[in-house]
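Here's the structure we're looking at; comments come further down.
The values are calculated or read from the model by the stated rules, or taken from the named source; none is laboratory data. None of the values given here were measured: they were computed from a predicted structure. Positions of Cβ are backbone-derived with ideal geometry, glycine not excepted, and every protein chain shown enters the neighbour counts. Each accessible area value is taken on the protein alone, full model and side chains, heavy atoms only, with ligands, DNA and RNA left out. Shrake-Rupley method; radii C 1.70, N 1.55, O 1.52, S 1.80 Å.
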Amino acid sequence: MGLLENYDLVIIGAGMGGSALAYALRHTSHSILILERGEYIRQEDENWDIDAVITQRRYDPDDTWVDADGQEFTPRVYYNVGGSSKFFGGSSFRYREVDLTGRVYPEGETVPWPVSYEDLSPYYDEAEQAMKVRGLAGADPTEPPRGAYPFPPIESEPPIAQLAEGFRERGLTPFPLPIAVYQGTNGHCRKGSPCDGFPCKIRAKGDGENAFFRPALKDKKDITVITSARVTRLHHDTAGDRISHIEVMVDGKVQTVSARLFVLAAGAANTAALLLGSASDRYPHGIANGSGQVGKNFMAHNNTVLMAFSLFRKNPTRFQKTITLNDFYHGDCPQGPGAGNIQMRGKVQAANNARHANPLVRLFAGFIAARSFDFWLMSEDLPSAENRVEVVPAAGGGTRIRLSRRLNNLSVHRDLVRSFRKILRSMGFSFIIERTPSPSVIQHQVGTARAGHDPATSVVNSSCRAHELENLYIVDGSIFPSSAAVNPALTIAANALRVGSILAEELDRAAGKSGN
């Protein structure tokens, strides 16, 4: 297995960030070890089975967290190669420039990033190419400066094209959803299969594994990958300014591995938990936590799901996730108040409705599914020290994650939902079923190890290196100072590619000094 070898670089986690980092380093000569807590998701019929994925939760880990009141809940996190991106719907937005410079809302404000849109822009280009993102440049009224998308947008089926026209008649600007789904030109997506929230059985989605992890392994034969390997602790040297080695649980045994550089990419909650759980005399509140910010500022968006339908209008669309709206993004839409992004969801099926919390939806599951148009409304979650990840004792020994979270910035989100519901009613949708935000819904988790220039208020610097440790980096969503109001996957990938270029130079310098 070679786990005890001294590597040039160890990547902890093979989700979107860890996979994109490996991809960025695929043409280097440096030895890389990737440690993934889970396994590969097999290509199997259950990938697309609603009962297996939603009810049986076949791919969910056996992991229980507690909330601020000590109540247990099962988080929607995934430990596997590709991480949570295996289950994303492919939405691949760039952050707006204002998302990185800071925004002010009625309930608070966001924190500026230590990098600019210009810093990320070339890596957005690279990430979109690798993920095979489809879109139409210039169609988004809030779009930051960019060139053409690598692939044309997915064409909307007639019911969605008609829906888009209805939005235009009401003064809105629907545009093609930028999406990493291999459909259309040279694509092999199979329309009508579950997609949004499901792993793809035919690898037709630009998730972390398909877009970055597998190409990295193909181009760089000396990458070592160990799955079912849970990193349990980081250790620093005597001076406390470098990680000397880490402990890894493999096959029920604790082993150690050393390296020149270590990169955390375990996801916002688990990266914070690992840092906090690695406390020492030098770092009594958790390693790299001199600022006291590790674990704080957990963000996961305010998300509302709307299922709109009328009795006499059917929606036989097979692939629904093709249009989106950003008219409300900046909170200044003439059609009503509210701030955030609106996009189509994957098409709801009768089997989805059969598991709905509303008994009437369950009773008329097939009737509603045949007529519903399904939407995802997303507003920014603000950074708050009260929303935090902690490590607490678990019953029976060991530790587990406590997630304390109170929803914020809800006024603009509720305004967004009300404004959009009014628009939908004007378009003839008599029935609108709503699923409201919940603190336990943590898709798009970011924060907990924010990047910044000031070591007193942030965990990592603009290069995503821990302020207090020379060889510890973080490339997952935990470094995000703000959550914006669009999906974070593309930005996680772009930032990891950016950090990869930095690490390649650092590894080259280190190799030169050692004579290798």
- [ ] Run a plain Debye calculation on segment 393-516 (Cα atoms as equal point scatterers, no solvent) and give log10 I(q)/I(0) at q = 0.16, 0.18 Å⁻¹, rounded to two decimals, same order as the q list.
- [x] -0.97, -1.09
- [ ] In Å³ and rounded to a whole number, note down the convex hull volume per residue for the Cα atoms of segment 114-239.
- [x] 211 Å³
Task: Set 191/218; 347/422; 205/422 screened for pairs whose C-alpha atoms are more than 32 Å apart - done: 205/422
Task: Accessible-area composition of the chain, carbon plus sulfur, in percent [1.4 Å probe] - done: 49 percent
- [ ] Quick one: grab Rg to one decimal and Dmax as a whole number for segment 341-385, Cα atoms only, in Å.
- [x] 14.1, 45
Task: Percent breakdown of C-alpha pair distances by 20 Å bin, ordered from the shortest bin, for the chain - done: 23, 58, 18, 1
Task: Inverse mean reciprocal Cα-Cα distance (Kirkwood Rh) of segment 171-230, Å - done: 14.2 Å
TODO: Enumerate the aspartates and glutamates that residue 201 could reach by cross-link, defined here as Cα to Cα under 15 Å, with residues fewer than 8 away along the same chain left out.
DONE: 44, 45, 46, 49, 209
Open item on the list: Rounding to the nearest 10 and keeping the result within 0 to 90°, find how far the Cα-based axis of helix 410-426 lies from the longest principal axis of the chain.
Closed with: 30 degrees
- [ ] Kindly write out, for segment 87-95 in residue order, the coupling ³J(HN,Hα) from the Karplus curve 6.51 cos²θ - 1.76 cosθ + 1.60 (θ = phi - 60°), rounded to whole Hz, with x marking Gly and Pro.
- [x] 10, 6, x, x, 4, 9, 8, 7, 5
- [ ] Send over a whole-number figure in Å² for the accessible area per residue of segment 167-295, probe 1.4 Å.
- [x] 39 Å²
Task: Chain lengthening between residue 235 and residue 430 when straightened (0.36 nm per residue, less Cα-Cα) - done: 64.3 nm
Open item on the list: Using the Cα atoms of segment 75-127, I'd like the radius of gyration and the largest Cα-Cα distance, Dmax, both in angstrom.
Closed with: 14.8, 40
Task: Euclidean distance of C-alpha centroids, segment 202-276 and segment 73-134, integer Å - done: 21 Å
TODO: Can you tell me the 0 to 90 degree angle between the C-alpha axis of helix 489-514 and the longest principal axis of the chain, rounded to 10?
DONE: 20 degrees
- [ ] Mind jotting down the three principal axis lengths of segment 339-449 based on Cα atoms? Whole angstrom, largest first.
- [x] 52, 34, 20
- [ ] Return one number: the angle in degrees, 0 to 90 and rounded to the nearest 10, between the long axis of the Cα atoms of helix 158-169 and the longest principal axis of the Cα atoms of the chain.
- [x] 80 degrees
- [ ] Run the dipole for the chain about the Cα centre, Lys and Arg Cβ at +1, Asp and Glu Cβ at -1, nothing else charged, and hand back the magnitude in debye, nearest 20.
- [x] 1500 debye
Open item on the list: Averaging the inverse of every distinct alpha carbon separation and then flipping it gives the Kirkwood radius. What is it for segment 396-469, in angstrom units?
Closed with: 16.7 Å
Open item on the list: Which three extents, in angstrom, do the Cα atoms of segment 230-359 have along their principal axes, listed largest first?
Closed with: 71, 41, 30
Open item on the list: Among 145, 164, 131, whose Cα projects farthest towards the positive end of the dipole of segment 116-170, with charges put on the beta-carbon of Lys, Arg (+1) and Asp, Glu (-1)?
Closed with: 164
